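Just so it is clear, none of the values below were taken in a lab; they were calculated from the coordinates. Only a predicted model underlies this, so the values are computations on that prediction, with no experimental measurement involved. All Cβ positions, even for glycine, are placed from backbone atoms using ideal geometry, and neighbour counts span all protein chains on display.
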Amino acid sequence: MTMNKGTPLVEMRDISISFGGIKAVDHVSIDLHPGEVVGLLGHNGAGKSTLIKCLSGAYQKDTGEIYVNGERAEINNPRDARNYNIETIYQTLALADNLDAASNLFLGRELVTAAGFVDDAQMEAETRKIMARLNPNFRKFNVPVSALSGGQRQSVAIARAVYFNAKILIMDEPTAALGPQETQMVAELIQELKRQGLGIFLIEHDIHAVMDLCDRAVVMKNGQRVGTVNVDEVTDDDILGMIIMGKKPAKAY
Amino acid sequence: MTKTPLTAPPVAPAQAGAGGNPVKRFLSATEIDTRLLGMLAALLLIWGGFHLYGAIVNGNGAFLTPRNLWNLSVQTSSIGIMATGMVLVIITRNIDLSVGSLIGVTGMTMGILQVDILPQIFGLGHWSIWIITCVAGIALGALIGAFHGWLIAYRGIPSFIVTLGGLMVWRGMAFIANGGKTISPVDSTFALLGGGPGGNVGATGSWIVGLIACAGVVWLLVNGRRQRIKHEFPLRPIWAEVTLGAIGCGAIIGSVLLMNAYPLPRGILRQMDLPDDAFVSHGFAIPVLIMIAVGIAMTILMTRTRFGRYVFAIGGNPEAAALAGINTRWMTLKIFALMGALSGLAAIIASARLNSATNALGTLDELYVIAAAVIGGTSLAGGVGTIYGAILGALVMQSLQSGMVLIGFDAAIQRIVVGVVLVLAVYLDNLYRARTK
Ligand SMILES: Nc1ncnc2c1ncn2[C@@H]1O[C@H](COP(=O)(O)OP(=O)(O)O)[C@@H](O)[C@H]1O
Ligand SMILES: [Mg+2]
């Protein structure tokens, strides 16, 4: 698995972006192949979220290029990213608290009737279907998501990313708000999606989860890429050393 | 959310488990919004209060009469129409302080157009004058609103500042437009839109409107139930559906009866060559029908279209809306343009009602409009609000206003009361939200 040949699903080349003089991402390159999970690691403020937001269209990179299936991709806004089948679960979840689960799931991509009106009933039915798969205990379909628990909100955000047949999935700390059982469910979901051939960028702090789920891990520090490792060639201490001290083990590239 | 079209997603009551309390069980089965009930109760309290006060203190309870309630409905129209637009503005965490001045400048422009310009082109009293005037007024309002929206969304100036500036600028423009002089009278067809003499649809017309509305209520209930069955969602019990239909149709028929109970005055009967003792009903006034049409259209816009969904989403979480691919700036521009267009429409009604255009037309309306939206449950924190709430809010504000005039409170007291009520209403709303959270 680890020696990826062929065209990557996504390649971000030499991406930089700064905010008022602070270089949040500093000449970082990463890539992702079909059926691969690439972990993005690093301390808070390392630039992980900022980097993936350049891919999801939330931010516009200052310099660098993005390739999807080997072709240069212009991603200037979230709509562009969605058109490339890139779906994102943001760290903040990015839910409209005042809307219910179905409205959030279909936000920006509402199902409409023949007359062009939003088809709430159809959207709720679809939401019930996908939630039955992702989180069978989910019942709160008719309340604003502000009334949901952290885990339930997270599952709405996950459902939104999964529903639209993503090819490239970005998950920014998807288990941060979850208990052990729900975390396990997300891990199983990641493995299932991987089997289906999706490429997944996974931002995750739990080193054991990274060792379990990821094929490769990219470590960032102060906006720069420390190095990339094949997870099965290194120990968790090696990775921790990269995160904490920026120390690049021999196997890293 | 409930699938009743008149309920916007954010305030829809949860389908809570039916409690033992029969009132609670009734509310949960019928899915009636408790806020709506609260507002209706407040309205009845105000109406009853003014009537009793008049009856006891002045020896003449003049509030709960067909004549007064008919006038009230007409007076509510222009504020009510603007309040429906203000709901969108406030839901998206903005404010529009310029609507009163927009009335002034669009009203003045329409006055000049229909009195000074169009008759010279087409001849006095030409049938097309009122149409061109109305289109121009609404378009001008939309244009000014779009300009405000552009400054807010694309130039990053806070809406409070842009529209505060607008409040000054457009009022000044309204003055300059005709050197401060009043224009009167307006085109005779145009004048009907204000609900003045002849600006009503009579008994038969009102019955037709009422029956269509009843058919609409029944259709909504039947269609809603069909949708729920199709998707196997929980159904309301049949008795609850029937009760809802009965309440809806009852309210409609009641208002038809009320509007038809107010006869045309003698002066008008004589103009119509009718004997003095003939009973000819007013029926619904045209501006009221315009307001109802606007209310229905805006409700559909907010609850049944993507546009409305995006308005709520932007209000709930602007960042999330943008990340979902919604062009939030373009939306803001459109919302302010819509607010401007509705102000233009309100200006038509206000100036038609006065049968003249003055540069002071609509002064202080912004405050009543904002108050109406807020009293109607639109949250200044954004994300929450309903069209019917805003119209009811306008009715509450106007009831207070005209009730105080009726019982002889002077202008100073009126302002104090309106100010206190606004603050109190928002406070009560906070308590309500905290409790239903
Ligand atoms: N919109 C923004 N405006 C200003 N600074 C930002 C913005 N987004 C991120 N940053 C800065 O970029 C750096 C990287 O942040 P982030 O990507 O969120 O880190 P991580 O996700 O790795 O914890 C931080 O210093 C953060 O303050
Ligand atoms: Mg982050």
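Computed quantities for the displayed model
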| item | result |
| --- | --- |
| DSSP-assigned coil residues among GluC sites (Glu not before Pro) in the stretch A:186-237, each with at most 11 further Cβ atoms within 10 Å | none |
| Partners for residue A:53 among lysines (Cα-Cα distance below 25 Å; same-chain residues under 8 apart left out) | A:23, A:61, A:167, A:194, A:221 |
| Rounded, prolate or oblate (a/c below 1.5 giving rounded, otherwise prolate when a/b exceeds b/c) for the stretch A:36-88 by Cα gyration tensor | prolate |
| Cβ crowding within 10 Å averaged over residues, with A:6-13, B:49-56 ranked highest first | A:6-13, B:49-56 |
| Proximal aspartates and glutamates to residue B:181, defined as alpha-carbon separation beneath 17 angstrom and excluding residues fewer than eight positions away on the same chain | B:116 |
| Cα gyration tensor shape of chain A, rounded if a/c is under 1.5, else prolate or oblate by comparing a/b with b/c | prolate |
| Residues B:175, B:284, A:164, sorted so that the one with the fewest Cβ neighbours within 10 Å comes first | A:164, B:175, B:284 |
| Other protein chain Cβ atoms within 10 Å, averaged over every residue that makes up A:112-121 | 4 |
| Exercise: per-residue mean of other protein chain Cβ atoms within 10 Å, A:71-83 | 2 |
| Globularity ratio of the stretch A:98-155, using Cα Rg and 2.2 N^0.38 Å | 1.11 |
| Residue-averaged beta-carbon neighbours from other chains (10 angstrom radius) around B:309-315 | 5 |
| Computed E for residue B:360/residue B:253 - FRET, C-beta separation, R0 45 angstrom, nearest 0.05 | 0.70 |
| Cα shape, the protein assembly as shown, gyration tensor, a/c 1.5 rule | prolate |
| Rounded FRET efficiency, nearest 0.05, which uses the C-beta distance separating residue A:129 from residue B:268 and R0 of 45 Å | 0.10 |
| Residues with amide H under 5 Å from that of residue A:143, placed H, sequence gap 5 or more | A:101 |
| Free-standing Cys residues across chain B, given no other cysteine C-beta under 4.7 angstrom | B:134 |
| Length-normalised contact order of the stretch A:98-155 in % [C-alpha pairs under 8 Å, at least 6 apart] | 43 percent |
| Computed FRET value (nearest 0.05) for residue B:211 with residue B:67, which takes r as the C-beta separation and R₀ as 22 Å | 0.35 |
| Inter-centroid distance (Cα atoms) of the stretch A:68-104 relative to the stretch B:37-82, Å | 51 Å |
| Three semi-axes of the equivalent ellipsoid, chain B, Cα gyration tensor, whole Å, largest first | 34, 29, 22 |
| For the stretch A:180-232 versus the stretch B:395-437, the gap between their alpha-carbon centres in whole angstrom | 57 Å |
| Per-peptide average of other Cβ atoms within 10 Å, ordering B:80-86, B:316-322, B:165-171, A:168-174 highest first | B:80-86, A:168-174, B:316-322, B:165-171 |
| Summed side-chain charge close to residue B:269 - residues other than residue B:269 whose Cβ falls under 12 Å, Lys, Arg +1, Asp, Glu -1 | -1 |
| Table column - 3J(HN,Hα) (Hz), the stretch B:197-202, Karplus curve with 6.51, -1.76, 1.60, x for Gly and Pro | x, x, x, 8, 9, x |
| The protein assembly as shown, helix-only ellipticity at 222 nm - DSSP H runs n ≥ 4, -39,500 (n - 2.57), divided by all residues, nearest 500 | -18500 deg cm²/dmol |
| Distance between modelled label sites at residue A:19 and residue B:120, nm, 7 Å Cα→Cβ extension | 5.9 nm |
